[in-house]
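In what follows, a structure is listed as structure tokens, so that the remarks can point back to it.
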Amino acid sequence: MALSKKNLKDAGDLATPCAGGVIVPPLHQLARMVRREWGSKVYFGAVPYLDALGGVETAGDFFGLDSAQYLIMYLLSNATTWRGARARQVKACLRLHYEGECVSVDDKGVELK
């Protein structure tokens, strides 16, 4: 699978290229970033997907019967009103997760499966 150069460029300091793809934060950390950066103005349609992504680590995980890829897709479609440099970076990382072009590591640097 070809790595999306646009997503890698947009991810900025949140993504680090490596031999296996790109290292990006796990989904639960990205969900925390969205809540912190977007603040109290989170669009109501994005809230359930943001809540669910707080409980998963990689795009291969499930929250109930919903795949994390499904949650990412719907969060991105409901986060169009969130703008700015950090929004662009976080959304690029979410797209890298969705497209399977990334590797996630935990706080200790151990790869998440």
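Every read-out reported here was derived from the displayed coordinates using simple, explicitly stated rules and does not represent laboratory data. Note that the structure is predicted; figures quoted are calculated from it, not measured. Here the Cβ is made from the backbone with ideal geometry for all residues, glycine too, and neighbour counts use every protein chain on show.
For the chain, the tally of Lys pairs with Cα-Cα distances below 26 Å comes to 10, considering only residues 8 or more apart or on different chains. Across the chain, the mean sequence separation of Cα contacts (distance under 8 Å, 6 or more residues apart), normalised by length, yields a relative contact order of 37 percent.
Computed from the C-beta positions of ARG88 and LEU65, the FRET efficiency with R₀ = 22 Å rounds to 0.10. Comparing SER40, SER77, SER67 in a Gaussian network model of the chain where C-alpha atoms under 10 Å apart are linked, the largest mean-square fluctuation is found at SER40.
Count Lys and Arg as plus one, Asp and Glu as minus one, and take only other residues whose Cβ is under 10 Å from that of ALA92; the net charge is then +4. Exposure proxy for HIS28, HIS97: other Cβ atoms within 10 Å of each Cβ, ordered fewest to most, give HIS28, HIS97. With contributions of -39500 (n - 2.57) from each DSSP H run of at least four residues, the per-residue ellipticity at 222 nm computed over the chain stands at -13500 deg cm²/dmol. Taking the C-alpha atoms only, the angle from helix 85-99 to the longest principal axis of the chain is near 60 degrees.
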